[in-house]
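Trainee: Below you'll find the structure I mean.
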Amino acid sequence: MYQEAIDQFQYCVKVSGGLPAMLALLGHAYAAAGRQSEAEATLDELQAMAQKRYVPSYSIAAIYAALGGPDDAFTWLERAYDERDSWMVYLGLDPRLDRLQADPRLATLLNRIQLS
């Protein structure tokens, strides 16, 4: 039901005035649906937005994880760790990061934040 999710997240972006968290959820839905160009455009938008306001790095990492870019995902997860992003408590549980489960870097990061 990717299209339904995308429709809902597009609506959330609209009514929230473009909150970064809502835009990131839309970007993740695009990536999960295999709509790579739209997911990448959303990443570009989030990174441009980050020049002017706070954009949670964890959210960007989730998009990269869904796109199948583990190196980029871990780069952004490291930033989230440094920022003390509150979403890091879900690191081992968040289904948006399922593609990272087999990567030993996830276990290392979980150990560092004492969640394993």
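Rule-based calculations on the coordinates, nothing more; no lab input. Just so it is clear, the structure is predicted and the values come from calculations on it, not from any experiment. All Cβ positions, glycine included, derive from the backbone under ideal geometry; neighbour counts span all protein chains shown.
Trainee: State, to one decimal in nm, how far the label point of D82 lies from the label point of Q101, with both points 7 Å from Cα in the Cβ direction.
Mentor: Each label point is offset 7 Å from its Cα along the Cβ direction, giving 3.0 nm.
Trainee: On a full-extension model of 0.36 nm per residue, what is the gain between Y90 and Y11, subtracting their alpha-carbon distance, rounded to one decimal in nm?
Mentor: My answer for the length gained is 25.9 nm.
Trainee: For the stretch 2-112, state what percent of all Cα-Cα pairs lands in each successive 10 Å bin, counting from 0 Å until the bin that includes the largest distance.
Mentor: Percent of pairs per bin, in order: 16, 50, 30, 5.
Trainee: Please give the net charge around A29, taking every other residue with its beta carbon less than 12 angstrom from that of A29, where Lys and Arg add +1 and Asp and Glu add -1.
Mentor: -1
Trainee: If I stretch the segment between Q3 and K52 completely, what's the gain in nm (0.36 nm per residue apart, minus their alpha carbon distance), one decimal?
Mentor: 14.6 nm
Trainee: What's the exposure ranking of S59, S37, going from fewest to most Cβ atoms within 10 Å?
Mentor: By the 10 Å Cβ count, ascending: S37, S59.
Trainee: Right, another one. Going through the DSSP H helices of the chain, which span 24 Å or more along their own axis at the Cα atoms while scoring at least 1.0 as a mean Kyte-Doolittle hydropathy?
Mentor: Result, helices passing both filters: zero.
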